[in-house]
Amino acid sequence: MKRFFIFAMFLWTGIMGVNAQEDRCDVNGDGVVNIADVTYVIDHVLGKGHASTPQTIDLGLPSGTKWANMNVGSTNPEEYGGYYAWGEIEEKDYYDWSTYIHCDGSDDTCYDLGEDISGTEYDVAHVKWGGDWRMPTQEEFKELFDNCTSEWTTLNGVDGWKFASNINGNSIFLPAAGCRWHGDLNSAGSYGFYWSSTLNVGIPSSACLLLFHSTHAFCDSWNYRYNGLSVRPVR
């Protein structure tokens, strides 16, 4: 036990040393360098996995919106997490109109869930995590783009997109988790697809999302509601 304590103190000293503000010291990807990074490394060494409690990242955004450090269904920032059709709260084996519970089997029979499902019974982030966690709106994705520097990067061997605040320097990492379409996982490691809570009013069988790949990111994309995409909560 004494040796373990000495190891933990040595690790803490190293992380909080002269290079503490560099991205490589933020090993748990929560946007700050603190004791949680030590716990993350120790749990990994002991084979216990990583802390499963979502962390709130303050990016200093004008609206006061704060972002989670991990996806719904994940236990660490670089894990892909779950894949959910828009308005559904459970994963499934097959994703198409025939299995989408909010329609009668086709794109022209989609039920009206409202123009924004954030914080409702159709919001997987709110249902799964509780409290004031919810799906981000399309406007909140736009705010992220307007107030952050973003780039394709790697966290613990996983490719994805990083948003670093221009206001306070904190950051979030979104893994390139791909998407579920029919029975397959597509584009994992090369594309990220993240639902917003906002309906695409012009095509109500679709909803707005954040899309990125290695060279570009877009906050004004859309996809059919039945597809299984990632969800990154806000509060």
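Give me the tail of P(r) for region 64-130 as a percent: Cα-Cα pairs with distance above 14 Å. In whole percent, the long-distance tail amounts to 64.
Can you pull the percent of region 85-228's accessible area that's carbon plus sulfur, 1.4 Å probe, other chains left in place? Summing carbon and sulfur atoms, their accessible area is 47 percent of the total for region 85-228.
Ranked by the mean number of other Cβ atoms within 10 Å of their residues, highest first, the peptides 123-136, 88-101 come out as 123-136, 88-101. Structure shown: which of LYS92/LYS142; LYS66/LYS142; LYS142/LYS162 lie over 20 Å apart, alpha-carbon to alpha-carbon? Pairs exceeding 20 Å: LYS92/LYS142. The mean sequence separation of alpha-carbon pairs under 8 Å and at least six residues apart, normalised by the residue count of region 111-165, gives a relative contact order of 21 percent. With just the Cα atoms defining each centre, how far is region 58-90 from region 138-192? Give it in Å. Their Cα centres are 10 Å away from one another.
The values are calculated or read from the model by the stated rules, or taken from the named source; none is laboratory data. Everything numeric here is computed off the predicted structure, so don't read it as measured data. Glycine gets a Cβ as well: all are built from the backbone with ideal geometry, and neighbour counts include every protein chain shown. Note: areas computed on protein heavy atoms with side chains; ligands, DNA, RNA excluded. Shrake-Rupley method; radii C 1.70, N 1.55, O 1.52, S 1.80 Å.
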